[in-house]
1. Taking the dipole about the Cα centre of region 33-109, with the C-beta of Lys and Arg at +1 and of Asp and Glu at -1, give me whichever of Pro94, Leu62, Pro49 is farthest to the positive side.
2. Exceeding 29 Å between C-alpha atoms, which entries from my cross-link table qualify? They are Lys34/Lys289; Lys84/Lys289; Lys29/Lys67; Lys232/Lys292; Lys27/Lys82.
3. Quote the FRET efficiency, to the nearest 0.05, computed for Lys183 versus Thr209 with a Förster distance R0 of 22 Å and r equal to the Cβ-Cβ distance.
4. Based on the mean of other beta carbon atoms within 10 Å per residue, what is the order of 182-192, 49-59, most packed first?
5. For region 89-100, in order, what is each residue's ³J(HN,Hα) by Karplus, 6.51 cos²θ - 1.76 cosθ + 1.60 with θ = phi - 60°, in whole Hz (x at glycine and Pro)?
6. Could you give each residue of region 376-393 its phi-based ³J(HN,Hα) in whole Hz, using Karplus coefficients 6.51, -1.76, 1.60 with θ = phi - 60°, and x for Gly or Pro?
7. Rank-order 150-156, 67-73 by packing density, defined as the average count of other C-beta atoms within 10 Å over each peptide's residues, highest first.
8. Which ³J(HN,Hα) values in Hz, rounded to whole numbers, follow from the phi angles of region 305-311 under the Karplus curve 6.51 cos²θ - 1.76 cosθ + 1.60, where θ = phi - 60° and Gly and Pro get x?
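Quick note: the coordinates plus some simple rules give every number you see, no bench work behind them. Quick caveat: nothing in here was measured; it's all calculated off a predicted structure. Methodologically, a virtual Cβ is constructed for each residue, glycine included, from the backbone with ideal geometry; neighbour enumeration extends over all protein chains shown.
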Amino acid sequence: GEENKPNTFNSAIDGNFEEVCPEKVIKFKPPLYKQRYQFVRDFVDQHKPKKVADLGCGDTELLRLLKIYPCIQRLVGVDIDKEKLQSNGHQLSPYLGEFVKPRDLDLTVILYHGSVVERDSRLLGFDLITCIELIEHLDSDDLARFPEVVFGYLSPAMIVISTPNSEFNPLFPTVTLRDADHKFEWNRMEFQTWALQVANRYHYSVEFTGVGEPPAGAEHVGYCTQIGVFRKNSGKVTELCFPEQHDQHVYETVKPRALITDGFGKFSYILSSSVQVYKISYPSLQQEKMLKFVLVGEVLILVERLRLRQQRMLREQKDLCNDPDNTDSSGPPQVLLGAVFTEAEEARIENSPKPFCEGDKFFVPLQRLLAYPKVHRLRVTEERMRSLIADSVQLSSDGSAVMDDLYKSWDYQFEDY
């Protein structure tokens, strides 16, 4: 799979060291491997795939970069190197901040140990499969099977394949191949011929590009890394026979020394001595426990800020009564202190029922709370909101508003709020 710093030569071409023939080393900025990853990130940002698999995922760095994209709901890595998966997989676990501010949509991340030329039905139906610096590691038999499995059997909507461009190699120190594990390295014609044949057989279109610009005067060699972007032709079905196509599970699922949580911010570490399932689900607003956690938090903040604003309004009204010469009748601002809203947001707030007082009790209608952007974006109905917050806040007798004390013992600390 993708090799970041496997040896001195690759480190040199990726722009990390200058140990080999410094006068011939080409410095890529950013380093070449980062340019490859950025290409995939830009592609994901443009096409918004929901299910993404990285074949030959290696140290899982690309997966770590992709898991932040809100469109992705299933992210899978496959690699033949079990030890590498076990030692790096824990880095795919959610951070504390991802519990405090969860994603909108669910995300499940899975690592599989196995060969990319074995058919596994768990990778069927994906939007995007990436193969970054992978195919050059395949021997002739595996390379022949690769299109049958990836294009014919898995048949994702899009495939991105990158591989070294051998025409660029003379610009580097004298070597035959860029990595000792490479079985071959193609020039542009060889890669494009292979890619076009594969695309034609399995009903894909393909476009060619690359990363790693050549230096001035050597433009004729093309990019250092050549890339093929394949898209499945709509309405085309590959007529190949794959017996027992569904429910073929040949990959082992790997559980590294992983960060395990109870889904609500409690952490522990588990070291598994045997191969187990590595499957981690990220906290998201699609999970009722996380939705409730976020909603209650936003409601409590809003009610407190509105309560303090109500106190200010009452104080200002009292001051106005005590100073008949004060002719300022503009009244206090109708937005929260420090908050910045768009015109549409302000209109939505102002058109909702206003907070009110009854004696020493302060009420904020649920419809008012739902009008504020941070609650509005959660897309819950008034009825759903009521059921989610009922055991965390005090509601009015009819359940239409959150009720709180207008004055509290600690309010003197906020006199200048």
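1. It is Pro49.
2. Numbers: Lys34/Lys289 37 Å; Lys84/Lys289 34 Å; Lys29/Lys67 24 Å; Lys232/Lys292 41 Å; Lys27/Lys82 32 Å.
Long pairs (Cα-Cα over 29 Å): Lys34/Lys289; Lys84/Lys289; Lys232/Lys292; Lys27/Lys82.
3. The pair Lys183/Thr209 has a calculated efficiency of 0.40.
4. On the way: 182-192: 16.7, 49-59: 23.6.
The peptides rank, most packed first, as 49-59, 182-192.
5. Coupling constants for region 89-100: x, 4, 6, 8, 6, x, 7, 4, x, 7, 8, 5 Hz.
6. Here the 3J(HN,Hα) series is 4, 5, 6, 6, 10, 7, 4, 5, 5, 4, 4, 5, 6, 9, 4, 8, 10, 9 Hz.
7. Details: 150-156: 21.7, 67-73: 16.7.
For the peptides 150-156, 67-73, the packing ranking is 150-156, 67-73.
8. 5, 5, 4, 5, 5, 4, 4
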